[in-house]
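Accompanying notes for the structure given below.
The values are calculated or read from the model by the stated rules, or taken from the named source; none is laboratory data. Since the structure is predicted, the reported quantities are computational estimates derived from the model, not experimental observations. As a convention, Cβ positions derive from the backbone with ideal geometry for all residues, glycine included, and neighbour counts pool all protein chains shown.
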Amino acid sequence: MSPQQDGSAHVKEREVEVEQAAVDAAYARLAQMREQAARRVRDSYKVAQGGTYSALVDRDVQVMEAAIWERSLDNAYNELVFGRLDLKPETPGGELETYRIGRLGVRTEELEPLVVDWRAPAAAAFYQAAPEDPKGVVRRRVLHCRGDRVLDIEDDLLDPDSAPEGLPVVGDGAFIAALSRTRTGRMRDIVATIQREQDLVIRAPADISVVVTGGPGTGKTAVALHRVAWLLFQHRRRFGSRGVLVVGPNRRFTEYIERVLPSLGEGGAALRSLGDVVNGFEASRHEDPARAKLKGSPRMVRVLRKVANDAPWGAPKDVRLVYQGTFFTLEAAQLAALRERMLRGSRRPNAVRADVIRSLQEAAWTAYQDAKRAAGDASPYDEYPDLFEDDKRTFISELRAERPFADFVTAWWPQRTPLEVLRSLGDPAYLAEVSQGVLAAADARLLAESWRAVTETGGGLSYSDVALLDELDSLLGEGPRSNRAAAAANPYVVDGVNMLTGEEVDDGSDPESGGFRELSTFGDRAARRGAYVEEPDPDEFGHIVVDEAQDLSPMQWRMLARRGRHATWTVVADEAQSSWEDLDEARRSMELALGTSRERRRFELTTNYRNPVEIADYAATLLHRFLPDAPLPRAVRSTGRLPEFLTAAEAELPAVVGPAALRLAGEVEGTVGVIVPMTRLGAFGLDGLPERVQVLGALESKGLEFDAVVLVDPDLIASESPMGPRTHYVTATRATQALVTVSVE
Ligand SMILES: Nc1ncnc2c1ncn2[C@@H]1O[C@H](COP(=O)(O)OP(=O)(O)OP(=O)(O)O)[C@@H](O)[C@H]1O
């Protein structure tokens with residue numbers, strides 16, 4: 001007799017019951033583990049309360065670990081088990097070996113496996129087995145659960161020859177059902193239905209970088225996030241301690257994907273948009289295309305280097321001082337030479353400021369002696385410099401406190417922040433001067449205008465500005481730690497001492513107690529909230545994921561490269577969706593960021609899991625207008641619903657778009673996106689529509705998806721920038737079920 005492949009309701013019911021019993025057992029054990037974990041948190045919290053420094057550290061580590069474990073158990077609760085493998089017996093005629101696959105490894109108290117973690121090597125076959133290469137799997141079963149209830153199952157018989165008689169095989173498309181599920185506005189994990197070509201990326205060796213390409217909806221984002229979960233599971237020490245950074249194009253996108261990693265039990269990765277990669281800055285404004293192109297160009301490095309190394313705009317070029325009735329001058333040429341000398345060997349202006357001030361004092365002493373000599377007051381100092389050390393010391397300490405000298409120093413070589421420097425470029429005359437030979441005059445004016453609007457606290461920054469601030473931060477360098485906080489409050493402070501008064505300045509960073517205080521609250525917070533502890537981002541990460549990488553400018557690549565000098569990378573991109581004009585330049589920038597020391601492997605994903613064929617076919621016509629030979633991902637689902645095309649007079653747009661969105665909201669259960677040209681954002685307040693309907697600009701829609709989309713004025717989207725046709729293509733590939741475009745007549 002062959003396997004029982006009739007799929008009858010009776011067989012299915014019985015099989016669902018079998019799975020439910022196994023799932024119940026796993027949940028019962030999970031509840032026990034949860035209780036043990038809670039006890040561990042309480043116990044470890046009690047360890048050495050109020051004890052020594054090292055006991056506090058121990059307590060912290062334990063509380064932290066216990067809290068993380070507790071949290072991952074909670075996260076695994078929903079749909080804990082989603083798969084089953086029946087493996088070929090080791091001896092012919094023997095029993096099939098059975099494993100259940102789930103979000104987390106669960107063992108009995110006797111350490112018998114009840115559920116295998118999907119990331120464990122033993123689970124790999126669940127994703128990689130195929131009829132042509134069954135990898136020992138006879139039957140693969142996907143469980144469709146809600147919470148702890150098994151709703152449905154679907155089997156794949158991969159090796160019929162090894163199947164014992166009567167092996168039930170049931171199912172009717174759990175995978176397609178998973179793809180058709182309505183969208184909630186937050187991306188879901190795909191652990192239960194990862195496909196083979198995706199799994200190859202997820203489980204690629206941990207010490208290589210991967211570059212994943214593929215059309216819209218091929219699961220690039222999903223795969224990148226599952227790879228992070230796999231890396232953290234397999235190499236928790238390495239990636240957990242060095243940190244993982246996931247970068248997406250904008251805040252809306254990071255909000256969209258933020259639940260995926262926690263739902264996989266991993267909350268430890270830093271999720272950042274391109275606007276908040278740099279500590280201390282938050283930008284959420286898209287630059288207009290002309291400025292984005294200029295600000296993203298590597299030419300900006302030349303401009304910024306000059307700005308960082310030159311004296312600020314308007315600073316005096318020389319300084320005239322007086323000491324005991326003798327006037328003397330530090331000349332412009334002499335000062336310029338000193339500046340050059342101090343910055344030689346790529347030394348950074350903020351880092352060498354204290355050295356600069358010492359050199360200026362030396363130069364002033366020499367100039368003073370020269371002035372005395374010139375006035376006929378010949379000094380024996382030249383012959384016997386040692387005899388005059390005390391005089392020199394007095395001179396220097398008095399000079400230090402002289403207001404004209406102190407004012408000169410703070411004007412000519414201030415401790416500067418990146419934001420101050422960027423704002424100073426809002427002066428068109430200044431920017432014109434420093435960008436001479438690099439930027440055309442009209443371009444400089446365009447940029448200056450945008451920086452004039454940036455406030456002292458960073459209001460008005462765009463995504464492109466953040467990369468420039470990071471470049472400036474690296475060019476300016478850091479002053480000694482004590483300088484940074486104090487200098488922000490008082491420009492006369494150098495090395496923790498106020499130049500004018502000689503007083504030591506306390507900036508509140510007490511190296512003895514600071515770390516201790518921090519540690520003692522660290523565990524408290526973790527235990528109190530039972531949550532992951534928010535820590536500032538480290539300077540560098542062990543692994544960096546770059547999503548929508550085709551849109552990164554060279555300056556943004558440089559910003560990420562600084563955070564991943566020793567990292568492995570997962571880069572996912574689709575050049576057909578790029579907003580960056582010079583694709584060769586973008587590729588070179590990526591190559592530089594990824595470095596050459598690591599092996600790099602390329603993967604191509606080929607199946608579109610988002611769009612039904614009806615929408616994918618329409619999108620293909622748009623793609624082929626600008627890339628006639630581009631390969632297309634294969635869509636696997638059909639809805640029978642063709643895209644709709646409406647038109648409206650410009651003034652009537654809102655009157656047509658609103659009802660269209662409302663109608664779609666009635667037709668689909670999940671989200672509706674109204675995607676409008678960037679220049680029309682703000683003109684569409686869709687009052688009175690359900691919360692499921694969102695209005696967003698074309699560029700903001702990158703990486704997102706909705707059940708239904710109303711695409712407004714696609715011609716304008718296509719003409720808003722040189723890469724507009726690609727943006728139009730992106731917007732047409734956001735819908736999972738229905739697409740309505742509204743063009744202007
Ligand atoms: N194996 C899978 N099983 C179920 N759903 C999947 C699978 N792979 C991808 N998906 C779903 O397909 C949709 C598209 O995936 P994703 O956003 O990762 O694609 P993408 O390649 O990053 O798209 P884009 O280039 O348009 O940003 C998501 O809803 C994702 O959950």
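Data overview
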quantity: Failed item in (1) within 16 Å of the ligand (Cβ to nearest atom); (2) under 30 Å from Leu294 (Cα atoms), with Thr679 passing the rest; calculated: (1)
quantity: Residues that are at pLDDT 90 or above, closer than 20 Å to Glu19 by Cα and out of contact with any helix residue (DSSP H, G or I) (no Cβ under 7 Å at 6 or more places or on another chain), drawn from the range 114-166; calculated: Ala122, Ala123, Ala125, Phe126, Arg139, Arg141, Arg149
quantity: Top-ranked residue of the range 315-338 - restricted to ones that are farther than 17 Å from Gln369 by Cα and free of Cβ contacts under 8 Å to residues at least 60 places away in the same chain, ranked as surrounded by the most Cβ atoms within 10 Å (Cβ to Cβ); calculated: Leu338
quantity: Candidate set: the range 589-613, residues that are small (Gly, Ala, Ser) and in a loop (DSSP other than H, G, I, E, B); chosen: the one nearest to the ligand (Cβ to nearest atom); calculated: Gly595
quantity: Residue in the range 345-361 that is over 29 Å from Pro554 (Cα atoms), in contact with a Ser or Thr (Cβ under 8 Å, 6 or more places away or on another chain), crowded, with 16+ Cβ neighbours inside 10 Å and of a type in the set (A, V, I, L, M) present; calculated: no
quantity: Cβ-Cβ under 7 Å pairs, at least 6 apart or on other chains, the range 588-614 side under 18 Å from Ala561 (Cβ atoms), far side polar (S, T, N, Q) and away from the ligand (no atom under 16 Å from the Cβ); calculated: Leu594/Ser209; Arg598/Ser209; Arg598/Thr568; Arg600/Ser209
quantity: Filter result (over 10 Å from Gln737 (Cα atoms), among the β-branched types (Val, Ile, Thr) and within 16 Å of the ligand (Cβ to nearest atom)) within the range 614-644; calculated: Val636
quantity: Within the range 110-121, tally of residues that are loosely packed, with under 15 Cβ neighbours inside 10 Å and either touching a residue at least 12 places away in the same chain (Cβ under 8 Å) or within 22 Å of Asp161 (Cα to Cα) (or both); calculated: 1
quantity: Residue match in the range 308-326 (condition: under 28 Å from the mean Cα position of the chain (by Cα) and at pLDDT 95 or above); calculated: yes
quantity: Residue within the range 646-661 that is on the phi < 0 side of the Ramachandran plot and in a loop (DSSP other than H, G, I, E, B) present; calculated: yes
quantity: Qualifying residue in the range 660-669 (condition: within 16 Å of the ligand (Cβ to nearest atom) and either modelled with pLDDT under 95 or touching a His at 6+ places or on another chain (Cβ under 8 Å) (or both)); calculated: yes
quantity: Hey, Val712 under 26 Å from the mean Cα position of the chain (by Cα), buried (at least 21 other Cβ atoms within 10 Å of the Cβ) and without any contact (Cβ under 8 Å) to a residue 60 or more places away in the chain or not; calculated: no
quantity: Selection count where residues are at pLDDT below 90 and either crowded, with 17+ Cβ neighbours inside 10 Å or not assigned by TED's automatic domain parsing to the domain that holds Thr727 (or both), scope the range 671-683; calculated: 1
quantity: Any hit, the range 362-380, residues being free of Cβ contacts under 8 Å to residues at least 24 places away in the same chain and either under 30 Å from Arg291 (Cβ atoms) or among the hydroxyl-bearing types (Ser, Thr, Tyr) (or both); calculated: yes
quantity: Hits in the range 446-463 (condition: assigned to a loop (DSSP other than H, G, I, E, B) and surrounded by 15 or more Cβ atoms within 10 Å (Cβ to Cβ)); calculated: Val454, Gly458, Gly460, Leu461, Ser462
quantity: Breaking point among (1) more than 23 Å from Arg188 (Cα to Cα); (2) under 31 Å from the mean Cα position of the chain (by Cα), for Val674; calculated: (1)
quantity: Of all residues in the range 568-588 being assigned to a loop (DSSP other than H, G, I, E, B) and modelled with pLDDT of 90 or more, the one that is farthest from the ligand (Cβ to nearest atom); calculated: Ser578
quantity: Helices (runs of 4 or more DSSP H) enclosed by the range 276-391 - at least 3 residues per element that are under 30 Å from Met678 (Cβ atoms) and among the small types (Gly, Ala, Ser); calculated: 289-296
quantity: Filtered residues of the range 69-114 (kept if among the charged types (D, E, K, R) and within 16 Å of Val191 (Cα to Cα)); calculated: Glu79, Arg84, Arg100, Arg103
quantity: Flag for Leu274 being farther than 30 Å from Val438 by Cβ, touching a helix residue (DSSP H, G or I) at 6+ places or on another chain (Cβ under 7 Å) and not polar (S, T, N, Q); calculated: no
